[in-house]
Each structure stands twice: as C-alpha cells, then as structure tokens.
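Student: Handing you this structure, nothing more for now.
Just so you know, all these numbers are worked out from the coordinates, no wet-lab data involved. All figures in this text were calculated on a predicted structure; none of them were measured in a lab. Cβ sites come from the backbone with ideal geometry, for glycine too, and all protein chains shown count toward neighbours.
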C-alpha cells in the first residue's frame with residue numbers, strides 16, 4: 001500500500017518565503033533538481049535583499065521539493081509503527097518497511113550470497129547472510145551504533161583525515177590505530193596494508209574510511225581499501241555521508257561490509273540516518289538502546305529479575321517509536337536521485353567545480369586545500385584559505401554583503417585541517433584583524449559546497465564575491481561576538 005494509493009494530498013508550505021529575484025536559468029543541462037529555499041530572500045547590510053545562495057551542502061543540503069511533497073502527502077496518515085491494528089498504523093508500518101527496501105536497493109545491498117559466491121577472507125568468512133538496513137538518527141549515530149557492536153577484542157584502523165563522526169566513536173586506547181594523512185590514494189592503500197600486516201593475525205579488525213572528504217571533497221579509493229582490508233581478514237565500514245548525495249554507492253560493487261550516511265545531507269530532513277550491511281555483529285551485540293520495539297518478549301523470573309529476549313533483525317537496534325517520516329524522506333530522496341541519474345548529476349557538478357577553480361585561478365591570495373592534488377577527482381566540496389583574511393571575517397562578509405552562505409572553521413575534522421594547514425594550534429584573531437599574511441600558516445579555512453539543487457548563478461555569484469573581497473576588501477565593519485564575526489550595527 002502506498003500513500004498515493006490512499007489519497008492525493010496537495011503540497012503544503014510551512015512558511016511563506018520573502019519574494020526573491022528569479023533564479024537564473026541552468027545552463028549546464030537538466031540535472032538541476034528543485035529544492036526548498038531557492039526563492040528565499042535575505043537582507044544585505046548594504047541595503048536591499050537578494051536570493052540566498054546556499055553553498056553549505058556539506059553540512060546540510062536543502063530538502064528536495066519532491067521529498068517535501070511526499071512527506072506532506074503522508075503526514076495526515078501518520079500512525080504508530082509496528083504496534084497498531086488500525087488502518088493508519090498498518091499504513092505507516094508498510095511505508096516504513098518499504099523505505100527500508102528502497103534504501104537497500106539504492107545502496108545495492110547484498111540479498112544473500114549463494115554457495116558459489118561464498119568468500120573466506122571477509123573477517124570471519126564463509127557463506128554470509130544478506131545485508132540489513134537499520135534506521136538511525138545520522139551518520140554519527142550509525143557509526144556509534146557499530147562501535148557499540150564491535151567484538152571486545154576488535155582492532156580498529158582509521159585515518160586521521162576522517163570527520164569526527166567516523167574518527168571519534170572508536171575511542172578505546174590500544175584498540176585503535178590512527179593512520180597518518182596520505183598524500184595520494186595509492187599511499188592510503190599502502191599505509192593501510194602495512195598497518196594491517198602488523199596486526200595480531202587472528203583477532204577481529206575493522207577499517208573505517210570516508211568515501212569523499214568533507215573538507216577537500218576528494219574521492220577515496222574505497223574499493224581498493226576494501227580489498228586490502230579483506231585480504232588481511234578485516235572488515236570495513238564506509239562513511240558515505242559526503243559520497244551518497246553525489247555518486248552512486250554500491251555496497252556490492254565496493255565490497256564494503258557496512259555503509260553509513262545521513263538523510264540531512266541527502267536532501268532529506270527530519271533527523272534520520274542509515275547503517276546498512278552485515279547483520280552478524282549487530283545481532284550478537286546488546287541493543288544500542290534498550291526499550292520497546294527492540295524486545296521480543298519480557299518476563300519476570302521467580303527471583304524477581306527481568307528476562308528479555310531481543311529481536312535479531314534491524315529492530316534490535318531501533319528501540320522506541322521509529323522516525324517513520326525521516327525514513328520516508330530518505331527513501332523519497334533515494335528514489336529522486338536514482339531517477340535523476342548520478343552520471344548526469346556528477347557531470348553538472350564537475351562543471352560547477354571548474355567554474356570555481358577556473359574563476360579563482362588568477363587570484364593568488366586564494367589557496368585551495370588538497371591531500372591528493374588539485375586534479376584529484378572530487379565531489380562538490382572545496383575548502384580554501386585567503387591570505388590576509390580571518391576566515392570567519394571572510395565568511396561573514398560573503399553572507400552579509402552578498403547573501404552567500406558558506407562554512408568556516410575546522411569542519412569537525414580537526415586533525416585533517418591541522419595536517420593541511422601545517423599543524424598550527426593558535427586561536428584565530430579578532431574579527432577584522434588581519435588574517436594570516438602571505439607565507440604564514442592560516443588558522444582555519446573556508447568551505448564552499450554544492451550539489452544537485454545548486455543553480456549556476458549561485459556559484460558564479462560566489463566567484464565574483466571572492467574576487468571583489470580580495471581586491472577591494474569588505475564594505476562593512478565587523479566585530480567578534482561569541483567567537484564569531486558579525487556585522488557591526490552599533491554605528
């Protein structure tokens with residue numbers, strides 16, 4: 001049963017956006033997807049309003065219009081999941097489980113190996129059952145769930161270049177091996193092989209790696225790293241938070257054991273995420289949260305203690321009332337991206353990347369950050385520093401004077417930024433004070449990121465704004481408030 005089979009509900013809007021100038025037409029093809037917020041206007045400190053250019057997709061991408069419409073159509077039919085006999089509860093349960101199947105198809109999850117497909121090198125080896133999809137709150141939640149399910153003697157190998165979501169859950173002293181930032185994909189594979197070759201041969205091991213950097217946008221050699229992990233009897237989890245919105249992710253083709261991603265980076269709001277992959281470690285672990293939904297039966301023994309039998313499947317780690325709207329939103333986004341075609345989306349995104357790189361190529365004060373080199377394949381995420389500028393000041397000026405939203409700082413990837421910036425641990429100076437002069441080490445960076453809903457006009461406006469700020473400086477005065485640069489309105 002589907003919502004569309006029950007009724008057709010007109011789309012609703014929670015807010016009435018401020019009228020804004022029409023968005024320029026897309027000149028890069030038909031892969032531009034409608035997103036919320038493209039008609040929202042923001043005020044400029046210099047007077048007037050302008051359509052907001054949302055260029056912080058790496059943090060949270062705007063919701064696709066299709067996702068919003070699908071959620072609005074379902075909302076009147078919301079009911080309790082897995083627990084009710086009523087029509088709306090049964091409808092919601094069906095919707096929730098269909099969302100699980102849609103995500104499994106989106107990720108090309110393995111159903112079950114046939115006897116001829118059995119492998120012996122996959123961290124436990126032998127014939128394996130199919131993958132399962134667990135709905136979580138985010139990538140961070142997914143990886144903390146997996147961390148809680150690791151065998152007690154599991155060794156973890158992770159590069160220092162990871163986002164904190166995939167760097168911090170594995171805390172555990174000697175169990176964790178932190179690998180240095182590589183300067184090429186080939187070195188990343190060699191570094192991992194060397195580390196795995198030196199581990200204790202018979203214990204369980206897990207490798208965690210990002211698919212695309214949230215700082216540089218660079219694509220990592222996931223398939224090769226998975227092969228290296230499996231050759232040494234280890235398993236691998238892929239942090240696809242930045243990869244899944246930009247490229248097709250096939251669990252089967254990449255041969256990873258788990259993949260994690262967030263809905264809010266995949267053009268789907270409502271605080272939902274996914275952990276998909278092998279079921280055995282998750283089934284053997286204590287439930288991530290103890291409560292209703294995770295428990296199959298609860299009885300009281302004669303001695304007064306409770307005896308609990310937990311579910312074996314995904315429900316084991318989905319205690320409480322599930323976020324059915326979040327799961328439905330993720331499934332809707334998965335379908336929209338798959339129908340649009342990742343080849344077309346990636347081709348357009350690469351043109352936008354070239355617009356930024358070529359447009360700022362003759363501005364020597366702007367220096368882009370990279371591990372693998374400027375020509376390395378990447379998604380629409382670029383970080384840079386500007387000589388002579390405090391990064392917070394520069395980002396504030398882009399917003400206040402041009403209506404452009406970017407990110408500045410260390411992007412929840414502190415070790416990576418320190419490696420890229422030279423390891424300086426000083427605190428950035430006051431807003432308006434000179435930033436790092438030419439030849440000095442910058443303290444943090446600025447990140448511009450975009451995707452399937454970014455009009456070319458937003459990227460072109462960003463390039464013009466950067467050039468003007470570098471050439472002419474800010475047109476407004478700024479001050480520091482709670483560590484952030486903001487326009488000074490006291491005058």
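Student: Run the helix sum for the chain: -39,500 (n - 2.57) per DSSP H stretch of 4+ residues, divided by residue count, reported at 222 nm to the nearest 500 deg cm²/dmol. Can you show the working numbers first?
Tutor: Values: 14 runs with 153 residues, N = 491.
That calculation yields -9500 deg cm²/dmol at 222 nm.
Student: Can you order the peptides 365-371, 179-185, 401-407 by their average number of other Cβ atoms within 10 Å per residue, highest first? Mind showing how you got there, number by number?
Tutor: Working: 365-371: 19.0, 179-185: 16.0, 401-407: 21.7.
Ranked from most to least packed, the peptides come out as 401-407, 365-371, 179-185.
Student: For labels at residue 350 and residue 59 in the simple 7 Å Cα→Cβ model, what's the distance in nm?
Tutor: Output for this residue pair reads 3.0 nm.
Student: Let me ask something else. If I model the range 151-296 as equal point scatterers sitting on the Cα atoms and use the Debye formula, what is log10 I(q)/I(0) at q = 0.09, 0.17, 0.20, 0.21 Å⁻¹?
Tutor: Listed by q, the Debye log ratios stand at -0.28, -1.01, -1.35, -1.47.
Student: Also: What is the calculated FRET efficiency for residue 490 to residue 41, with r their C-beta to C-beta distance and R₀ = 22 Å, to the nearest 0.05?
Tutor: Step by step, r from the Cβ atoms, then E = 0.30.
Student: Pairing the Cα long axis of helix 391-402 with the longest principal axis of the chain, what angle in degrees results, from 0 to 90 and rounded to the nearest 10?
Tutor: For 391-402 against the chain, the angle is about 70 degrees.
Student: Also, I was wondering about something else. Measuring from centroid to centroid over Cα atoms, what is the spacing of the range 252-271 and the range 382-420 in Å?
Tutor: If we compute the Cα centre of each part, the gap is 26 Å.
Student: Let me ask you something else. Based on the Cβ-Cβ distance from residue 87 to residue 231, what FRET efficiency comes out when R0 is 35 Å, to the nearest 0.05?
Tutor: In this case the efficiency is close to 0.10.
Student: Could you check what % of the DSSP bridge pairs in the chain are antiparallel, to the nearest 5?
Tutor: Values: 36 of 55 bridges.
The answer is about 65 percent antiparallel.
Student: Starting with the highest mean, order 93-100, 272-279 by the number of other Cβ atoms within 10 Å, averaged over the residues of each peptide.
Tutor: 272-279, 93-100
Student: Still on this model: With everything on Cα atoms, drop me the angle between helix 185-197 and the longest principal axis of the chain, reported from 0 to 90° to the nearest 10.
Tutor: 40
Student: How would you order 477-487, 235-245 from highest to lowest mean count of nearby Cβ atoms within 10 Å?
Tutor: 235-245, 477-487
Student: Restricting the calculation to Cα positions, tell me the Rg (one decimal) and the Dmax (whole number) of the range 304-373 in Å.
Tutor: 23.3, 76
Student: Can you pull the three principal axis extents for the Cα set of the range 141-200, in Å, largest first?
Tutor: Sorted largest first, the three principal extents are 31, 27, 16 Å.
Student: Convert 37 °C to kelvin, take the viscosity as 0.692 mPa s, use the Kirkwood radius over C-alpha pairs of the chain as Rh, and evaluate the Stokes-Einstein diffusion coefficient in µm²/s, rounded to a whole number. Present the calculation step by step, with values, prior to reporting the outcome.
Tutor: Numbers: Rh = 24.2 Å.
After rounding, the answer is 136 µm²/s.
Student: Determine, from the Cβ-Cβ distance of residue 105 and residue 80 and an R0 of 25 Å, the FRET efficiency 1/(1 + (r/R0)^6), rounded to the nearest 0.05.
Tutor: Taking R0 as 25 Å, the efficiency between residue 105 and residue 80 is 0.45.
Student: Now, a different point. Specify the angular offset, from 0 to 90 degrees and rounded to the nearest 10, of the alpha carbon long axis of helix 65-74 from the longest principal axis of the alpha carbons in the chain.
Tutor: Value to nearest ten degrees: 40.
Student: Right, something else. Residues in the range 311-339, backbone N under 19 Å from the label point at residue 290 (7 Å along the Cα-to-beta-carbon vector): list them, ranges by number please.
Tutor: Under cut-off, by backbone N: 311-313, 315-321.
Student: State, to one decimal in nm, how far the label point of residue 94 lies from the label point of residue 362, with both points 7 Å from Cα in the Cβ direction.
Tutor: Each label point lies 7 Å from its Cα, and together they span 6.2 nm.
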